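What follows is a set of notes on a single structure, which appears directly below.
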């Protein structure tokens with residue numbers, strides 16, 4: 001009983017970590033895309 005509860009708690013903790021990691025990864029990707037668009041717009045002659 002106790003072992004099953006502990007395993008469940010560990011599962012939720014791992015899930016939370018995975019969600020946080022995925023969120024950070026998506027955030028970094030968005031930052032890179034926004035940065036590239038910003039540089040592209042800055043480099044355009046008529047902007």
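Where a number appears in this text, it was derived from the coordinates with a stated rule and is not lab data. From a predicted model like this one, the values you see are computed outputs, not experimental measurements.
For this structure, a couple of remarks:
- Among the listed options (i) 72; (ii) 104; (iii) 28, the one matching volume of the Cα convex hull per residue in Å³ as calculated from these coordinates is (iii).
- Angle between the chain longest axis and helix 2-43 axis [Cα atoms, degrees, rounded to 10]: 0
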